[in-house]
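First up is the structure itself, then whatever we jot down about it.
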Amino acid sequence: MPAKRKYILFIILIAAAIIPALFWGLLSGSVYTSPATIIQGLLFMTGRGGDETAAALIFQIRLPRLLLALFVGASLGSAGACFQGLFRNSLADPYIIGASSGAALGAALAMSIGGGLGLGFSSVLGLPGIFAFIGSLGAVLLAFIISRSGGNTPSPLTLILAGTSVSAFCSALLSLVLVLRDRNLAQVYYWLLGSLTGTTWPRFLSVLPFMVIGITAIFLSIRPLDLLLQGDEEAESLGLDVLKTRFLLALAATFPVAAAVSVSGIIGFVGLIAPHGARFFTGPAHKRLLPAAALTGALITLIADNIARSIVPPIELPLGVITSLGGAPFFLFLLSRHKHRGGFL
């Protein structure tokens, strides 16, 4: 099958799969609802009778959560593709340079000083959300500062090593916070596992612009990402400022991740698996890879959240646990296939 046709078919299939996943999400939860409930909710919303309780359940509780899951997944998927191109390594993910541990440390610090668990921005702004956002961006900046300590343009390997160091340092500080402020251990632990519990329209709408801006910035970076895949020397010979580009791309990729984790906590493997799997159908060119990875990440997160809400009702499992349970073996499968083909990208 021609590459273009294969790509178009993949996009159509992923986009089409999102529709039944959304319908499943509207029906599932701590209380199972029937399709008739959705109809009753629609009738009430359009002023044609119906049921007010059904309308509140479907359109005020479940719908904003489903939409947030889509945008969180799209943010992680597109950011993962960007980081993998930036580091020229499809094993990279949005947390490779400390974004995840920085966000976790920020949220834990906020909770330890009485911020509670109100994550979000603007009118629903909670200290954990603010601190998670700042901590994530701050960790990326620190990784770049460390990687440039020698004064030269940091290589992808140097950035990864610097990010690993920053991540370990933030994790150590996080452990210290948990030990000293153990009364918030349950809150911090649940946030670290990832969850979309308590999503409301204000929370979703307040964080939406940040995710959209970040995703847009990534999509506008197709050419520099493709040039970086050819190597630093080749990219510089074509007029690309590698240092500046790598720094701006890392910030662009971290921005939607920071926004996402500020409302969802840490959701592992989505930013790693989505672009890694999409690349089988799109190839390494970012013109096709970025939208495919974003859609794939959105679908994965939506399905995982549906499972988390419906597998053992009325108990809701942490979203991050579901993505890790499904993502780890799937990643090993993809890794095995890539090794047999020789190389990663």
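The values are calculated or read from the model by the stated rules, or taken from the named source; none is laboratory data. Owing to the predicted nature of the structure, the values given are computational and were not obtained by experimental measurement. Neighbour counts run over all protein chains shown; Cβ positions are idealised from the backbone, glycine included. To get the accessible areas, we keep the full protein, side chains included, count just its heavy atoms, and leave off ligands, DNA and RNA. Shrake-Rupley method; radii C 1.70, N 1.55, O 1.52, S 1.80 Å.
Looking at (1) modelled with pLDDT of 95 or more; (2) more than 25 Å from the chain's Cα centre (by Cα), can you tell me which one Ala17 breaks?
(2)
Which residues, counting only those in the stretch 72-109, are part of a loop (DSSP other than H, G, I, E, B), surrounded by fewer than 24 Cβ atoms within 10 Å (Cβ to Cβ) and among the hydrophobic types (A, V, I, L, M, F, W, C)?
Step one: of the stretch 72-109, the residues part of a loop (DSSP other than H, G, I, E, B) are 88-98.
Pick out the ones that are also surrounded by fewer than 24 Cβ atoms within 10 Å (Cβ to Cβ) and you get 88-91.
Leu91 - this is the single residue of the stretch 72-109 that is part of a loop (DSSP other than H, G, I, E, B), surrounded by fewer than 24 Cβ atoms within 10 Å (Cβ to Cβ) and among the hydrophobic types (A, V, I, L, M, F, W, C).
If I go through the stretch 212-238 residue by residue, how many of them are modelled with pLDDT of 90 or more, not in a helix (DSSP H, G or I) and not hydrophobic (A, V, I, L, M, F, W, C)?
1
Residue check, Arg48 against (1) in a helix (DSSP H, G or I); (2) farther than 23 Å from Leu193 by Cα; (3) of a type in the set (Lys, Arg), all met but one. Which one?
(1)
Out of the residues in the stretch 239-281 that are outside any helix (DSSP H, G or I) and open to solvent by 50 Å² or more (accessible area, probe 1.4 Å), which is nearest to Leu299 (Cα to Cα)?
First pass over the stretch 239-281, keeping only residues outside any helix (DSSP H, G or I): 239-241, 265-269.
Checking the rest, the ones that are also open to solvent by 50 Å² or more (accessible area, probe 1.4 Å) come to 239, 241, 269.
Numbers: Gly239: 37, Asp241: 35, Phe269: 13 Å.
Ranking the candidates gives Phe269 first.
If you check every pair at least six apart or on different chains, which have Cβ atoms under 7 Å apart with a residue in the stretch 82-111 that is of a type in the set (Lys, Arg) first and a residue that is part of a loop (DSSP other than H, G, I, E, B) second?
Filtered contacts from the stretch 82-111: Arg88/Leu229; Arg88/Leu345.
Quick test of your reading of the structure: Gln40 fulfils all but one of (1) under 16 Å from Leu302 (Cβ atoms); (2) surrounded by fewer than 24 Cβ atoms within 10 Å (Cβ to Cβ); (3) touching an Asp or Glu at 6+ places or on another chain (Cβ under 6 Å). Name the failing condition by number.
It is condition (1) that Gln40 fails.
Is it fair to say Arg65 is of a type in the set (D, E, K, R), assigned to a loop (DSSP other than H, G, I, E, B) and either out of contact with any Cys (no Cβ under 8 Å at 6 or more places or on another chain) or farther than 23 Å from Pro291 by Cα (or both)? Outline the logic, then answer.
Working: of a type in the set (D, E, K, R): yes; assigned to a loop (DSSP other than H, G, I, E, B): no; either out of contact with any Cys (no Cβ under 8 Å at 6 or more places or on another chain) or farther than 23 Å from Pro291 by Cα (or both): yes.
No.
Tell me which of these Thr199 doesn't satisfy, since it passes every other one: (1) closer than 26 Å to Ile134 by Cβ; (2) open to solvent by less than 20 Å² (accessible area, probe 1.4 Å); (3) of a type outside the set (Asp, Glu); (4) part of a helix (DSSP H, G or I).
The number of the failed condition is (4).
What pairs come up if the first residue lies in the stretch 305-326 and is among the basic types (Lys, Arg), the second is buried (at least 22 other Cβ atoms within 10 Å of the Cβ) and at pLDDT 90 or above, and their beta carbons are under 8 Å apart, counting only those six or more places apart or on different chains?
Cβ pairs passing all conditions: Arg309/Gly25.
Going by the structure shown, is Ile8 at pLDDT 90 or above, at negative phi and either out of contact with any helix residue (DSSP H, G or I) (no Cβ under 9 Å at 6 or more places or on another chain) or of a type in the set (D, E, K, R) (or both)?
Details: at pLDDT 90 or above: yes; at negative phi: yes; either out of contact with any helix residue (DSSP H, G or I) (no Cβ under 9 Å at 6 or more places or on another chain) or of a type in the set (D, E, K, R) (or both): yes.
For Ile8, the condition - at pLDDT 90 or above, at negative phi and either out of contact with any helix residue (DSSP H, G or I) (no Cβ under 9 Å at 6 or more places or on another chain) or of a type in the set (D, E, K, R) (or both) - is met.
Somewhere in the stretch 293-311, is a residue under 19 Å from Gly326 (Cβ atoms), more than 21 Å from the chain's Cα centre (by Cα) and open to solvent by 30 Å² or more (accessible area, probe 1.4 Å)?
Scanning the stretch 293-311 turns up at least one residue that is under 19 Å from Gly326 (Cβ atoms), more than 21 Å from the chain's Cα centre (by Cα) and open to solvent by 30 Å² or more (accessible area, probe 1.4 Å).
Checking the condition hydrophobic (A, V, I, L, M, F, W, C) and either surrounded by 20 or more Cβ atoms within 10 Å (Cβ to Cβ) or closer than 21 Å to Ser195 by Cβ (or both), which residue from Ile19, Ile61 passes?
On the way: Ile19 fails: either surrounded by 20 or more Cβ atoms within 10 Å (Cβ to Cβ) or closer than 21 Å to Ser195 by Cβ (or both).
The unique qualifying residue is Ile61.
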